[in-house]
Amino acid sequence: MSNKMVAKGIIEKILKEIPNNPELIYNEASLQFELAFRLRGLGFIVYVEKSICDADISSGKIKSKKEAVQKYKKERMDICVINGDGSKNAIELKFPPKNCNKKKRCEDFLKDIEFTKNIKEKLGFKKCFCLTLVSDESLKNKFSEIAKRKGILIQWQQDKLGNDTFHYLLEQ
């Protein structure tokens, strides 16, 4: 494998291709699969739902799931990508359905942001991304409001997926 690195531009390019195939992306699991599949197609080593407890990820720093959740907020990454130079990236995904529990989704959204910050700082991940897709304007505004209270300023992009307009956030 070359020294190829996952970058925000690669993920955005994949997102731009998705609107041409709206039947592929209909929930968070389908987004996770499609993104992982396309990253593998670009030559990356990709793991889905990889535990940070695994020795190849934490270098033995984390001994149990309980410790992972206490120190890092959760145990598994939605997507883990190994770059050409062996460095690691994480991608956390959120794609809430239109009629969801907004309070719970906002808590999960913040947990993902904290999780990616923690693994970058404490486990030496090169880059960590939070990718959030929402079609509900009120949920997008709620995410923004909660992030702002935590000192996180976010900028949403807008695109079409089938007949729906989606707002997506790709934080690094």
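The values are calculated or read from the model by the stated rules, or taken from the named source; none is laboratory data. The structure presented is a predicted model; accordingly, all values stated were derived computationally and were not measured. Backbone-built Cβ (ideal geometry, glycine too); neighbour counts: all protein chains shown.
Points to keep in mind about this one:
- Candidates Phe109, Phe129, filtered to the one that is closer than 23 Å to Lys4 by Cα and either without any contact (Cβ under 8 Å) to a residue 12 or more places away in the chain or among the aromatic types (Phe, Trp, Tyr) (or both): Phe129
- Search result, residues across segment 32-61 that are assigned to a loop (DSSP other than H, G, I, E, B), in contact (Cβ under 8 Å) with a residue 40 or more places away in the chain and not small (Gly, Ala, Ser): Phe44, Ile52, Lys61
- Meets criteria (farther than 26 Å from Asp159 by Cβ, over 13 Å from the mean Cα position of the chain (by Cα) and modelled with pLDDT under 85) for Ser58: yes
- Some residue of segment 62-80 being more than 27 Å from Ile152 (Cα to Cα), surrounded by 14 or more Cβ atoms within 10 Å (Cβ to Cβ), modelled with pLDDT under 85 and of a type outside the set (A, V, I, L, M): no
- Applying the criterion of being at pLDDT 90 or above and of a type outside the set (Asp, Glu) to the residues of segment 88-110, the residue that is nearest to Tyr72 (Cα to Cα) is Ala90.
- Single condition Lys142 does not satisfy, out of (1) modelled with pLDDT under 80; (2) at negative phi: (1)
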